[in-house]
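Visitor: Here it is, the structure, as structure tokens.
The values are calculated or read from the model by the stated rules, or taken from the named source; none is laboratory data. Quantities reported herein were computed from a predicted structural model and do not represent experimental measurements. Ideal geometry is used to build each Cβ from the backbone, glycine not excepted, and the neighbour counts take in all protein chains shown. For accessibility, only protein heavy atoms count, side chains too; no ligands or nucleic acids. Shrake-Rupley method; radii C 1.70, N 1.55, O 1.52, S 1.80 Å.
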Amino acid sequence: MSITRLLPGRLGFGTAPLGNMFRAIPDDEAAATVQAAWDQGIRYFDTAPFYGAGLSEIRLGDVLAQQPRDAYVLSSKVGRVVLDETEDPAARDLGEKGGLFEHGRPNKMVNDYSADATLRSIEDSLKRLRTDRLDIVWVHDVAQDFYGDEWLAAYESARTGAFRVLTRLREEGVIKAWGLGVNKVEPLELTLDLDEPRPDAFLLAGRYTLLDHDRALQRLLPAAAEHDVDLVVGGPYSSGVLAGGAHFEYRKAPADIVAKVERLKVLAEQHGIGIKAAALQFALAHPAIAAAIPGATRPSRVAEDLAALDEKIPAAFWAALREEELISADAPVPTA
């Protein structure tokens, strides 16, 4: 099915930052940010056990528990089980994302995509989120950035474990949709080539943005549209560098990326628009994209995202990006 019928709008709220990504966020600041999203009409929230070893889910659940459950759409992820045993968060092996949640909870996390672990992960998420159900479940990070050369083994474990369990839960009406939530296009292309099982959607972070979209544009998005599989774009600001931050791909942005962002900013200023508006609207312009879920840790950022969604961008700006080869000639752009 197409999850556009399930999602309440094109802008959701990504809660990775609420797991103390990059910095320790006070509880009251995290709660105020989620509340701001709610107050300003956001009704789709995405989280994961991975985000701070359950911290993001706990913080999100504390706020959403005050609202009617039928009033919002909620997604979380499977593939990692959070234990009571503790460890040093800064010493975890997170592949290319080492140290990302070093300020999160110290609970040990175990990578496990088996059927039993999938059911346990969902049960644990429901407790942390203080809710009785998830609407969408994503199979998290079965890709090269976390598993390197072993990623296909992790994927196969998920295919025979999590994929089948989530298909059954969808058929039973326990969840409404499932898919993969990754930072790479290859696992999604592989999944689309399977006869069974069939996912409903994908959550793809960082691979369809102003800074990186060629690979997804060439194969993945046409194939997804052909199979009626929607995509949700995570990280539309490329880990923050397109929104005034210093990170790209969850690390300090390299010089070539900083230079490209500066070129984009110059053109945006020349056309009287904000770079956040350009980044967000570009990601949403492709017909296969159902929604985008930027993250935030301050209430003011939510208002900025909503304003960016509505900002008017002249066609001349997109023409200038094409002329300077800052975006692909084939990439759809918003129409006025």
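Visitor: Look at the stretch 273-283 and say how many of its residues are touching a residue at least 40 places away in the same chain (Cβ under 8 Å) and either surrounded by fewer than 20 Cβ atoms within 10 Å (Cβ to Cβ) or in contact with a Pro (Cβ under 8 Å, 6 or more places away or on another chain) (or both). Walk me through it before giving the result.
Guide: Step one: list which residues in the stretch 273-283 are touching a residue at least 40 places away in the same chain (Cβ under 8 Å), which gives 273, 278-283.
If we keep only those that are either surrounded by fewer than 20 Cβ atoms within 10 Å (Cβ to Cβ) or in contact with a Pro (Cβ under 8 Å, 6 or more places away or on another chain) (or both) as well, we get 273, 279-283.
Number of matching residues: 6.
Visitor: Consider ASP70 carefully, then state whether it is acidic (Asp, Glu) and open to solvent by less than 10 Å² (accessible area, probe 1.4 Å).
Guide: Values: acidic (Asp, Glu): yes; open to solvent by less than 10 Å² (accessible area, probe 1.4 Å): no.
The answer is no for ASP70.
Visitor: Quick one: count up the residues across the stretch 57-78 that are assigned to a helix (DSSP H, G or I), of a type outside the set (D, E, K, R) and either at pLDDT below 95 or farther than 19 Å from SER121 by Cα (or both).
Guide: Residues of the stretch 57-78 that are assigned to a helix (DSSP H, G or I), as a first pass: 57-64, 69-71.
Still in the list and also of a type outside the set (D, E, K, R): 58, 60-61, 63-64, 71.
With the extra rule that they be either at pLDDT below 95 or farther than 19 Å from SER121 by Cα (or both), the set shrinks to 63-64, 71.
Total satisfying the criteria: 3.
Visitor: Starting from the stretch 15-42, take each residue that is touching a residue at least 60 places away in the same chain (Cβ under 8 Å) and small (Gly, Ala, Ser) and list its partners that are assigned to a helix (DSSP H, G or I) and surrounded by 22 or more Cβ atoms within 10 Å (Cβ to Cβ), counting only C-beta distances under 8 angstrom and pairs at least six apart or across chains.
Guide: Close Cβ pairs satisfying both conditions: ALA16/SER56; GLY19/LEU55; GLY19/SER56; ALA30/LEU18; ALA30/ARG59; ALA36/VAL302; ALA37/VAL302.
Visitor: Shifting gears a bit: Suppose we filter ALA246, ALA255, ALA223 for residues that are over 17 Å from ILE327 (Cα atoms), open to solvent by 10 Å² or more (accessible area, probe 1.4 Å) and touching a residue at least 12 places away in the same chain (Cβ under 8 Å); which single one remains?
Guide: Details: ALA246 fails: touching a residue at least 12 places away in the same chain (Cβ under 8 Å); ALA255 fails: touching a residue at least 12 places away in the same chain (Cβ under 8 Å).
Unique residue meeting the criteria: ALA223.
Visitor: Counting only residues that are farther than 16 Å from LEU242 by Cα and hydroxyl-bearing (Ser, Thr, Tyr), give me the helices (runs of 4 or more DSSP H) lying completely in the stretch 260-336 with at least 1 of them.
Guide: Fully inside the stretch 260-336 and qualifying: 299-310.
Visitor: Would you confirm whether any residue within the stretch 277-292 is aromatic (Phe, Trp, Tyr), on the phi < 0 side of the Ramachandran plot and in contact with a His (Cβ under 7 Å, 6 or more places away or on another chain)?
Guide: Step one: filter the stretch 277-292 for residues aromatic (Phe, Trp, Tyr), giving 282.
Still in the running and on the phi < 0 side of the Ramachandran plot: 282.
Now narrow it down to the ones that are in contact with a His (Cβ under 7 Å, 6 or more places away or on another chain): none.
No, there is no match, as no residue in the stretch 277-292 is aromatic (Phe, Trp, Tyr), on the phi < 0 side of the Ramachandran plot and in contact with a His (Cβ under 7 Å, 6 or more places away or on another chain).
Visitor: Give all pairs with beta carbons closer than 6 Å in which a residue from the stretch 188-212 that is in contact (Cβ under 8 Å) with a residue 40 or more places away in the chain meets a residue that is surrounded by fewer than 17 Cβ atoms within 10 Å (Cβ to Cβ) and part of a loop (DSSP other than H, G, I, E, B); count only pairs at least 6 apart in sequence or on separate chains.
Guide: Filtered contacts from the stretch 188-212: ASP200/MET1.
Visitor: Taking into account only those residues within the stretch 85-111 that are surrounded by fewer than 20 Cβ atoms within 10 Å (Cβ to Cβ) and in a helix (DSSP H, G or I), which is nearest to the chain's Cα centre (by Cα)?
Guide: First, the residues of the stretch 85-111 that are surrounded by fewer than 20 Cβ atoms within 10 Å (Cβ to Cβ): 85-88, 90-99, 102-103, 105-108, 110-111.
Restricting the remaining residues to those that are in a helix (DSSP H, G or I) gives 90-91, 95-97.
Details: ALA90: 22, ALA91: 24, GLY95: 18, GLU96: 17, LYS97: 15 Å.
Step by step, filter the stretch 85-111, then rank; the result is LYS97.
Visitor: Related question: Out of all the residues in the stretch 7-55, which are over 20 Å from ALA205 (Cα atoms), open to solvent by less than 30 Å² (accessible area, probe 1.4 Å) and in a loop (DSSP other than H, G, I, E, B)?
Guide: ILE25, the sole residue that qualifies.
Visitor: A further question follows. For the stretch 316-326, does any single residue satisfy the condition of being open to solvent by less than 50 Å² (accessible area, probe 1.4 Å) and in contact with a His (Cβ under 9 Å, 6 or more places away or on another chain)? Walk me through it before giving the result.
Guide: Of all residues in the stretch 316-326, those open to solvent by less than 50 Å² (accessible area, probe 1.4 Å) come to 317-318, 320-321, 326.
From what is left, the residues that are in contact with a His (Cβ under 9 Å, 6 or more places away or on another chain) are 317, 320.
Yes - at least one qualifying residue is present in the stretch 316-326.
Visitor: Evaluate the stretch 155-174: report whether one residue or more is of a type in the set (Gly, Ala, Ser), touching a helix residue (DSSP H, G or I) at 6+ places or on another chain (Cβ under 8 Å) and modelled with pLDDT of 95 or more. Working first, answer last.
Guide: Within the stretch 155-174, the first condition is being of a type in the set (Gly, Ala, Ser), and the residues that meet it are 157-158, 161-162, 173.
Then drop every residue that is not touching a helix residue (DSSP H, G or I) at 6+ places or on another chain (Cβ under 8 Å), which leaves 161-162.
Filter once more, keeping what is modelled with pLDDT of 95 or more: 161-162.
Yes: one or more hits.
Visitor: Name the residues in the stretch 284-311 that are open to solvent by 40 Å² or more (accessible area, probe 1.4 Å), in contact with a helix residue (DSSP H, G or I) (Cβ under 7 Å, 6 or more places away or on another chain) and over 17 Å from LEU221 (Cβ atoms), would you?
Guide: Within the stretch 284-311, ARG298, PRO299, GLU304, LEU309, GLU311 meet the criteria.
Visitor: Scan the stretch 322-333 for residues that are more than 25 Å from the chain's Cα centre (by Cα) and in contact (Cβ under 8 Å) with a residue 24 or more places away in the chain and jot them down. Lay out the reasoning, then the answer.
Guide: We begin by selecting, within the stretch 322-333, every residue more than 25 Å from the chain's Cα centre (by Cα); these are 322-325, 329.
Result: GLU324, single match.
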